[in-house]
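The values are calculated or read from the model by the stated rules, or taken from the named source; none is laboratory data. Remember, predicted model here, so these are calculated numbers, not experimental data. Note that each Cβ is placed from the backbone with ideal geometry, even for glycine, and that neighbours are counted across all protein chains shown. Protein only, heavy atoms only, side chains kept; ligands, DNA and RNA dropped before computing areas. Shrake-Rupley method; radii C 1.70, N 1.55, O 1.52, S 1.80 Å.
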Number of protein chains: 4
Amino acid sequence: MGLPAPLRLGGRGWRPGVLGRVLSTAPTTPAPRLDLRGIYPPLATPFMAQGGVDYARLEDNLRLYAQVPFRGFVVQGSNGECPLLTGPERLDIVARVRRAVPRHRLLLAGSGCESTQATIELTAGMAEAGADAVLVVTPCYYRGAMSTAALVLHYTQVAEASPVPVVLYSVPANTGLELPLEAVLALAPHPNVVGLKDSGGDITRLGLIVHKTRREDFQVLAGSAGFLLASYAVGAVGGVCALANVLGAPLCQLERLCQEGRWQEAPGLRSRAARPQVTRRFGVAGLKQAMEWFGYHGGPCRAPLLQLSEDQAAALRRAFTRNGWL
Amino acid sequence: MGLPAPLRLGGRGWRPGVLGRVLSTAPTTPAPRLDLRGIYPPLATPFMAQGGVDYARLEDNLRLYAQVPFRGFVVQGSNGECPLLTGPERLDIVARVRRAVPRHRLLLAGSGCESTQATIELTAGMAEAGADAVLVVTPCYYRGAMSTAALVLHYTQVAEASPVPVVLYSVPANTGLELPLEAVLALAPHPNVVGLKDSGGDITRLGLIVHKTRREDFQVLAGSAGFLLASYAVGAVGGVCALANVLGAPLCQLERLCQEGRWQEAPGLRSRAARPQVTRRFGVAGLKQAMEWFGYHGGPCRAPLLQLSEDQAAALRRAFTRNGWL
Amino acid sequence: MGLPAPLRLGGRGWRPGVLGRVLSTAPTTPAPRLDLRGIYPPLATPFMAQGGVDYARLEDNLRLYAQVPFRGFVVQGSNGECPLLTGPERLDIVARVRRAVPRHRLLLAGSGCESTQATIELTAGMAEAGADAVLVVTPCYYRGAMSTAALVLHYTQVAEASPVPVVLYSVPANTGLELPLEAVLALAPHPNVVGLKDSGGDITRLGLIVHKTRREDFQVLAGSAGFLLASYAVGAVGGVCALANVLGAPLCQLERLCQEGRWQEAPGLRSRAARPQVTRRFGVAGLKQAMEWFGYHGGPCRAPLLQLSEDQAAALRRAFTRNGWL
Amino acid sequence: MGLPAPLRLGGRGWRPGVLGRVLSTAPTTPAPRLDLRGIYPPLATPFMAQGGVDYARLEDNLRLYAQVPFRGFVVQGSNGECPLLTGPERLDIVARVRRAVPRHRLLLAGSGCESTQATIELTAGMAEAGADAVLVVTPCYYRGAMSTAALVLHYTQVAEASPVPVVLYSVPANTGLELPLEAVLALAPHPNVVGLKDSGGDITRLGLIVHKTRREDFQVLAGSAGFLLASYAVGAVGGVCALANVLGAPLCQLERLCQEGRWQEAPGLRSRAARPQVTRRFGVAGLKQAMEWFGYHGGPCRAPLLQLSEDQAAALRRAFTRNGWL
């Protein structure tokens, strides 16, 4: 394909500033990649009653999360209500989280916009604000025109321009568009594309991607606790799970079991953990409601998202109580 | 049923500033509604080679359109690449079009955003910039949460806050979401909701909407030339047709035939006009390519939209030549 | 374009035995085509409490239908529960209907099966039992493999073998498959393919099919009252409407208005007629329930189809009473 | 959770005649369930050039399969072209396979029809012909009416009437309908419903089903090699994989690794095995073509299924050669 490397030293040649944060490199080897392995909660965005971002409550949540062995945090995935934030809010949130979180935790910041140029600009802003990598959702409004060629060009231009590594992000439930397998395979060799967050849950596809990119520095993250264990079984290296906002410790324990090959112990834990299906059934409002029950700050969503109805809240609560979580 | 009277008594109480522009009101009656009847091209946005909006070329196009008996113009529908424009560009374009176009032509400006608050703010800006009404697309990123209740609340808040009338806009090919029939019926009686642009093309639904809102000041516009004639047959009052950017005169003639009850003459014209299916098959890039052939300025799209491939351009051209348009 | 002449010269060379039944042919011209213009109820199949076909009640219904100016009857469309009938039952029903119905009423019998060979055999049986034409639904179980090429070959083989004309039948709500436009256009010139019943309701497609087959002996029937008027507007010649089982007279009146160019009077009638949306919302069970209210025999469906729940029945009844039909 | 014991105490009371074939029962306990654990090829149906079933070639295939440690065979799943077979052919094939295959291999015979009554009758015939259990696909032509209630009633009536255990079968790619989770959970406790073959591949759903039925005698089989390993990870007990028709030995080896907890060795094997994606991309025609390359009899499909085009065949062959299978 011939993608021009921005800097390429033997292997990757990342800017040391970025990599120095997260990796210890052996002196005689080319630069290693950004190691994405682990569990990430996609942070919810608390709002004040008057509508502004509630940074104090966000920092409270981060203090509680500090005790969980997360690999890092996703800031402004779909669960962060990023399409409902203004541009300045999006950058402020990343900057605040960066200040509140130690350097060894990765920050993956959502920076995807509909236009390529806007994505490039927001990506630069996110890097400046302290993101270790950006998570770039597929543009989707013109989904009928989002051919593999269009998507490969979009991501290549973003990756070329980005000062930090890029993680592809496919979330068909929100975008109505799955990043095609062919596009993923074409982008995987790019030195500034380091992985994929796949929230679609097609495990056959996910296994194929792992298999076909096994010779690249390319890592796959599962986009939900619902298929986290299955994803590990086919070679994913971690997960961005809404459920980690409330059940972070058990999900990190599940990850450890999988990493250590203790599969026989994993399914029970997975089943308990997966069962609530918070966001699949109840969306961001369900996640924020659950956060309140578990001692975190969730609070209201921004319009047009509604709060859960009483019936929905009761059904969600039952899902947690039945498994003994509440 | 009959076509709706342009003036209708009622207790709406529109702000005279807005309505004074577009309607002559009988002295003893309350303010009449905004009469939407007619054909509107959804204006394409020409860009310069360096990427900025090419206002000069946009104004050239408007000079040519001045000779066609359009009812008005849609600024920043899907064909205007609005998701690829910045906020300031969006307002500038409306202001420029307003200056270039006489007052008796309606300007419907797209102002829908994902968040309710952002939609309210952009709506105010569009009114300030000279829009006669706003076209508000359904928010869609959280489509799983966009229940009828959520959508009715969103549109009600926008309509309450808007200084100009609101036209609902349902375009499932882009949003993956059809504004539910129940939501349309709930919103139709709102005094500041004056109609629906429906680009889905489900003619059964469209006929039902016309029938069930026949006692409201509510007008339906077909969102494509492909089902324009059929829409007239079931009671729509006009159309926003990409094809009107290149074949405006015949589409206005088709409208006149329908209005005058000369149905026997309409199908032949419709067939010729509908046949190219510009945007259904070829998207915004197809529309812009066709504009070049017909003497208008189309030019490049913004990334991530690609130009037509040579094969696509040839197929599109054949569609026009076969019917004798080129 | 004009509505097609009932007699048209051409080089088809139909088997006189078949055509003699339904057409009077001028002595010196080749055989004209089968004229499909008009309204057809897709007959429901009444069952006895023990489960067998209730032929007596079926004949009762036909006696009542004799007073309505239908063009004919569809026997074993989707509303006839044909997939729930045995092979012998399917043939018996057609034979009984043929005996009960005068020759000038067309019988269109559903004969589509998953396999080409089975379709050919059932088609022969239907012709033998007295069908004037067969209605052949798209095979669909292997929908992933039903390319245009596969479907064209299937229909061509059926048409070659069939002793009676073939009407294509596309009903995506049941089959999950729309007969592709390209397949329709490839099949339209075949001398034994005389038309299409389209139940998908995509009026743009329907108009295109009429336009692109205007030089063939090919007629389009709308598959629902919901888009019947719109279909006439774009050149369809009739409709197969579940609603005709209960509101046959007003639908035939609507057809007459359209044929006579009295479009201004049509929409009101259409609106009243279309409103109940019997089968779109309530399926075969809804149709059979409505038949009971209107004095016809509906009765139970075969399992796995369930009766309407009380709530569903009440909602359906409201749909009819609101418009004054009940 | 642990893998299910092959013998389990309980009050099922199976007919000894059926169970005697496949299980050894402890003398003082009620009959144990049917143990489904393992790999099953869904047998393809070879045809003669003139169109009839080629029983000799079918038996040749079975002789070759005798050397592979399959748990048994699926006769007339989707890959057996069952919708294209006549009723007598369907029963004959099962009887022939039963005679050719030793008793310790399970025969799961497809017996699902659109009507409940036809399914009951074919189920009885399949049991008579020697099936150990029946695989009952969801009826789907009236998918709009196939509510959970309708499906639960359908399967309950079939299970009540069936002389052999029933395996539910959900294959949305063919039926356009996924057997709802709620229906599966409602049916799982039925003593004559022993499991589910799920070909949809939604691994979150599959894991939930395993978790929520863990106290029932209910076993889940993956419907494709593509998600076999992931399915084992979440608790499935085996798989019905088209690929087993050509790569049976490696798939059985993969199963053994999973059963023995040797997960670290499994992914490589899975990747090689899953990669060809025979039926997902190429359907039954692809499977039959591949069988020819691997020394089995595949041969032509029945119409309307087409042979692979040359391009498709080349692409399929590449998929096998790239992984070293051919």
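Of C:253, C:264, all but one fail to be of a type in the set (S, T, N, Q) and at pLDDT below 90; the exception is C:264.
The number of residues in the stretch D:187-200 that are open to solvent by 10 Å² or more (accessible area, probe 1.4 Å) and closer than 18 Å to residue A:207 by Cβ comes to 2.
Anything in the stretch B:47-74 that is among the small types (Gly, Ala, Ser) and open to solvent by 10 Å² or more (accessible area, probe 1.4 Å)? List them, or say none.
Within the stretch B:47-74, B:49, B:51, B:52, B:56, B:66 qualify.
For the stretch A:146-163, the set of residues classified as part of a helix (DSSP H, G or I) and either open to solvent by less than 30 Å² (accessible area, probe 1.4 Å) or among the polar types (S, T, N, Q) (or both) consists of A:148, A:150, A:151, A:152, A:154, A:155, A:156, A:157, A:158, A:159, listed by residue number. Within the stretch D:284-305, restricting attention to residues that are closer than 21 Å to residue D:50 by Cβ and surrounded by fewer than 19 Cβ atoms within 10 Å (Cβ to Cβ), the residue that is nearest to the other protein chains (Cβ to nearest Cβ) is D:300.
The rows are residues; the columns are (1) open to solvent by 30 Å² or more (accessible area, probe 1.4 Å); (2) outside any helix (DSSP H, G or I); (3) out of contact with any strand residue (DSSP E or B) (no Cβ under 9 Å at 6 or more places or on another chain).
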| residue | (1), (2), (3) |
| --- | --- |
| C:215 | yes, yes, yes |
| C:242 | no, yes, no |
| C:266 | no, no, yes |
| C:314 | yes, no, yes |
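Looking across the stretch A:112-128 at every residue that is more than 17 Å from the chain's Cα centre (by Cα) and without any contact (Cβ under 8 Å) to a residue 40 or more places away in the chain, the one that is most open to solvent (accessible area, probe 1.4 Å) is identified as A:128.
Restricting the stretch C:275-312 to residues that are basic (Lys, Arg) and part of a loop (DSSP other than H, G, I, E, B), the residue that is nearest to residue D:139 (Cα to Cα) is C:302. Among the candidates B:166, B:184, the residue that is more than 14 Å from chain C (Cβ to nearest Cβ), crowded, with 24+ Cβ neighbours inside 10 Å and over 26 Å from residue B:284 (Cα atoms) is uniquely B:184. Could we say that residue A:98 is of a type in the set (Lys, Arg) and open to solvent by less than 30 Å² (accessible area, probe 1.4 Å) here? Considered against the rule, which asks whether it is of a type in the set (Lys, Arg) and open to solvent by less than 30 Å² (accessible area, probe 1.4 Å), residue A:98 comes out as yes.
For residue A:201, are the conditions met, namely being within 19 Å of the chain's Cα centre (by Cα), among the small types (Gly, Ala, Ser) and within 23 Å of residue A:143 (Cβ to Cβ)?
In short, yes.
Annotation note: of C:233, C:225, the sole residue that is within 12 Å of chain B (Cβ to nearest Cβ), under 18 Å from the mean Cα position of the chain (by Cα) and modelled with pLDDT under 95 is C:225. Among the candidates A:44, A:109, the residue that is more than 21 Å from residue A:187 (Cα to Cα), of a type in the set (Gly, Ala, Ser) and surrounded by 24 or more Cβ atoms within 10 Å (Cβ to Cβ) is uniquely A:44.
Taking the stretch C:91-145 as the search range and keeping residues that are assigned to a loop (DSSP other than H, G, I, E, B) and touching a Phe, Trp or Tyr at 6+ places or on another chain (Cβ under 9 Å), which one is nearest to residue D:301 (Cα to Cα)? The qualifying residue nearest to residue D:301 (Cα to Cα) is C:114.
Scan C:158, C:97, C:74 and give me the residue that is over 26 Å from residue C:256 (Cα atoms) and not aromatic (Phe, Trp, Tyr). I'd like the intermediate steps shown before the answer.
Working: C:97 fails: over 26 Å from residue C:256 (Cα atoms); C:74 fails: over 26 Å from residue C:256 (Cα atoms).
When all the criteria are applied, what remains is C:158.
In the set C:310, C:255, only one residue is surrounded by fewer than 23 Cβ atoms within 10 Å (Cβ to Cβ) and more than 12 Å from chain B (Cβ to nearest Cβ); that residue is C:310.
The residues in the stretch A:129-145 that are open to solvent by less than 10 Å² (accessible area, probe 1.4 Å) and more than 14 Å from the chain's Cα centre (by Cα) can be counted, and the count is 2.
In the stretch D:70-87, what residues are more than 9 Å from chain C (Cβ to nearest Cβ) and among the charged types (D, E, K, R)? Selection gives D:71 alone.
For residue B:204, the conditions (1) of a type in the set (Ser, Thr, Tyr); (2) modelled with pLDDT of 95 or more; (3) not in a strand (DSSP E or B) all hold with the exception of (2). Here the stretch B:316-326 is the region considered, the condition is being open to solvent by 80 Å² or more (accessible area, probe 1.4 Å) and either in contact (Cβ under 8 Å) with a residue 40 or more places away in the chain or farther than 13 Å from residue B:288 by Cα (or both), and the residue that is farthest from the other protein chains (Cβ to nearest Cβ) is B:318.
Is it the case, given these coordinates, that residue D:89 is open to solvent by less than 50 Å² (accessible area, probe 1.4 Å) and at positive phi? Answer is no for this residue.
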